[in-house]
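> Encoded as structure tokens, here's the structure I'll be asking about.
All of the numbers you see were taken from the coordinates with simple rules; none came from a lab. All of these numbers come straight from a predicted model, not from anything done at the bench. Note: ideal-geometry Cβ built from the backbone for every residue, glycine included; neighbour counts use all protein chains shown.
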Amino acid sequence: MLASHFGNMVDLANAINREETATIRDFTYDISKPYHKIIHHLAKAEWEMRIQNFGKLEFNYAFQFNHRYEYDNRRGEVKETPSMDTELKTHSVEGVLSLDSFNDLKIQGGFSGGYQDNYSSPDTQVKRLIPDYNKLNAGVFTALNYKKEAWNFNAGLRYDFSYMHTKKYYRKRLWDSKGYDKIFHENILDDYSNEWLVKFDLKYHNFSGAVGAVYNFDNQRNISLSYSVANRAPNPSELFSEGLHHSASAIEIGDVLLSPETSHKINLGTKYNIELLEGLDLDFNLYHNRINNFIYQVPQGLQNTIRGAFQVMAYEQVNVALS
């Protein structure tokens, strides 16, 4: 991590073009700043009931607590204070009903839900990389699998709704450069010198589906064809990041105007089991994956800060094809 932070743009540019890092030291277990520390707790409960001549009913609940600290080379009174101190609490539930009493047909249906609470401590005296937010997720799904002689057919459908509430301090210069002043003017809550305090209530509706078929020539060979479509809503980092991400050694800029990704994927595959080598399967796949509004980070140049020089990365969208 020491060789990833630089005092000026010349040193940063030289490091990018250098084939080997300028700082090479003997291996040690000692970790010096900058570094990050993560505390993670998980609790989970499961309940299951078999229903005779019908199927199975399952309920799951999980709670996760993630506390992330990122430490930088700071001086003075804040020398031992982390530059990032963020807590993320996540509750998730799921219920699934499986109908498996039929010989050739299996059907599943269920629901899922989740709630997240993200909080960053102001004691760091550093602008939050990601604002505090509350996020709610809810979804329903169904899937079926049907076997007929050498054929195996499957299909699934899912709907997800997500809602996110947040309040964020935007630098006025960034706010205007993104064009938010014309779109979200009514979202402004207060004026703080060179920043706006802005609220957002974002809602996303996502649909996913898949169909597929497998033909088994025998116990050793088969051929399969499948198609799937899926949506993914942008996450809080992609929407609201603004500032130095210490563990990435980059200044990240999000965009609240990002749209959900949509993926269309088709896959043709074949599988062959070799008898002479027990446990060895050969898989061959041809696929094409078209992703509309694919979210990724684009370099925007270099920026000098009090902490040093860093590369600026902005979240943008593009249509891509993978084959």
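> Using the Cβ atoms and a cut-off under 10 Å, what net charge is assigned to the surroundings of Val96, where Lys and Arg are +1 and Asp and Glu are -1? Walk me through the numbers on the way to the answer.
Details: positive: Lys56; negative: Glu48, Glu58, Glu94.
Residues close to Val96 contribute a combined charge of -2.
> Taking N as the number of residues in segment 93-194, what is its Cα Rg relative to 2.2 N^0.38 Å? List each step's numbers first, then the result.
On the way: Rg = 23.2 Å, N = 102, 2.2 N^0.38 = 12.8 Å.
Against the empirical 2.2 N^0.38 Å value, I get 1.82 for segment 93-194.
> Still on this structure: Can you list the residues of segment 234-261 with backbone N under 17 Å from a point 7 Å past the Cα of Gln64, pointing along Cα to Cβ?
Zone members listed by number: 234-238.
> Answer with a single label: of (1) 67, 44, 36; (2) 73, 50, 40; (3) 63, 39, 33, which was calculated as Cα extents along the principal axes in Å from the structure in view?
Derived directly from the coordinates: (2).
> Which value, in Å to one decimal place, does the Kirkwood hydrodynamic radius take for segment 7-119 when every pair of different Cα atoms is included?
Details: mean 1/r = 0.0512 Å⁻¹.
Over segment 7-119, the inverse of the mean reciprocal pair distance is 19.5 Å.
> Something else: From the backbone phi of segment 167-178, what are the Karplus-calculated ³J(HN,Hα) couplings (6.51 cos²θ - 1.76 cosθ + 1.60, θ = phi - 60°) in whole Hz, Gly and Pro given as x?
10, 9, 8, 9, 5, 4, 5, 5, 4, 6, 5, 7
> Moving on. Please identify the chymotrypsin sites (Phe, Trp or Tyr not before Pro) of segment 202-287 that satisfy two criteria: DSSP loop assignment and at most 14 other Cβ atoms within 10 Å. Which are they?
Details: sites: Tyr204, Phe207, Tyr215, Phe217, Tyr227, Phe240, Tyr272, Phe284, Tyr287; in loops: Phe217.
When the chymotrypsin sites (Phe, Trp or Tyr not before Pro) of segment 202-287 are filtered for loop state and at most 14 Cβ neighbours within 10 Å, Phe217 remain.
> Continuing with this model, one more query. Calculate one ³J(HN,Hα) per residue across segment 149-155 by plugging θ = phi - 60° into the Karplus curve 6.51 cos²θ - 1.76 cosθ + 1.60, and present them in order as whole Hz with x for glycine and proline.
Calculated HN-Hα couplings, in order: 6, 7, 9, 9, 10, 9, 7 Hz.
> Another one. May I ask you to derive the relative contact order of segment 2-322, considering only C-alpha pairs under 8 Å and at least 6 residues apart, and to give it as an integer percent? All intermediate terms of the calculation are to be shown ahead of the outcome.
Details: 741 pairs, mean separation 38.6, N = 321.
Averaging sequence separation for qualifying contacts and normalising by length gives 12 percent for segment 2-322.
> Using the structure shown, select from Lys89/Lys135; Lys89/Lys168; Lys127/Lys178; Lys33/Lys167; Lys37/Lys172 the pairs with a Cα to Cα distance greater than 21 angstrom.
Working: Lys89/Lys135 10 Å; Lys89/Lys168 19 Å; Lys127/Lys178 19 Å; Lys33/Lys167 31 Å; Lys37/Lys172 32 Å.
Going by Cα-Cα distance, Lys33/Lys167; Lys37/Lys172 fall outside the 21 Å limit.
> Just to check I understand the Karplus step: with θ = phi - 60° and J = 6.51 cos²θ - 1.76 cosθ + 1.60, what whole-Hz values come out for segment 102-115, glycine and proline as x?
Ordered by residue, 3J(HN,Hα) equals 8, 5, 10, 10, 10, 10, 10, x, x, 9, 8, x, x, 9 Hz.
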